Structure formats: structure tokens, C-alpha cells
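A short worksheet on the structure shown next.
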Amino acid sequence: MPSSHISSVGSALHSFIVGRDGEGHWIARDEQGHSGGVFTDRAAAIHFAMVESGHRAGAVRFATGHLSLFG
């Protein structure tokens, strides 16, 4: 499955949540719901979140349960 993502809005850096949805797909989305995507694997989801958050320490966290792309 190819990666897909929703472009970020504006130039503001966001904090991201990475995890799996109920079907096992890897999801990365910002906490405000402005950007995110469905990814082929964990590494791709983390990479997207790190780049979009400007590699800021603590800007990426992992979901403890199922994660939805749209909140």
C-alpha cells in the first residue's frame, strides 16, 4: 500500500500522534487535525511526523489505543 498524506496547513509546526487505526494501518496526525496521513509502515509515519514537526524534541508521541486520521 503506498503512503498518502494530507498536506499541512500554513507554516506552523505541530505536535503529532503516531499509531495504528482499527484496521492496522499506520497513522500520523497532528493534534489539531490539520495534517496527517496513512503510511505503509511505522518508520514512514514517524518520518512524516518528525519532518512536519521540525524535528522538535517531544513533538511526536505514540497513541496508546487505536488512532483515527480524522480525530
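The values are calculated or read from the model by the stated rules, or taken from the named source; none is laboratory data. What you are looking at is a predicted structure, and each value in this text was computed from that prediction instead of being measured. In this analysis, Cβ positions are derived from the backbone assuming ideal geometry, glycine residues included, and neighbour counts consider all displayed protein chains.
A few remarks follow.
- Filter result for GLY36 (touching an Asp or Glu at 6+ places or on another chain (Cβ under 8 Å), of a type outside the set (Lys, Arg), modelled with pLDDT of 90 or more and surrounded by 13 or more Cβ atoms within 10 Å (Cβ to Cβ)): yes
- Residues in the range 36-71 that are outside any helix (DSSP H, G or I), more than 15 Å from HIS14 (Cβ to Cβ) and of a type outside the set (A, V, I, L, M, F, W, C): THR40, ASP41, THR64, GLY65, HIS66, SER68.
- Screening the range 6-22 for residues that are more than 10 Å from LEU69 (Cα to Cα), of a type outside the set (S, T, N, Q) and modelled with pLDDT under 95 and picking the one that is surrounded by the most Cβ atoms within 10 Å (Cβ to Cβ) gives HIS14.
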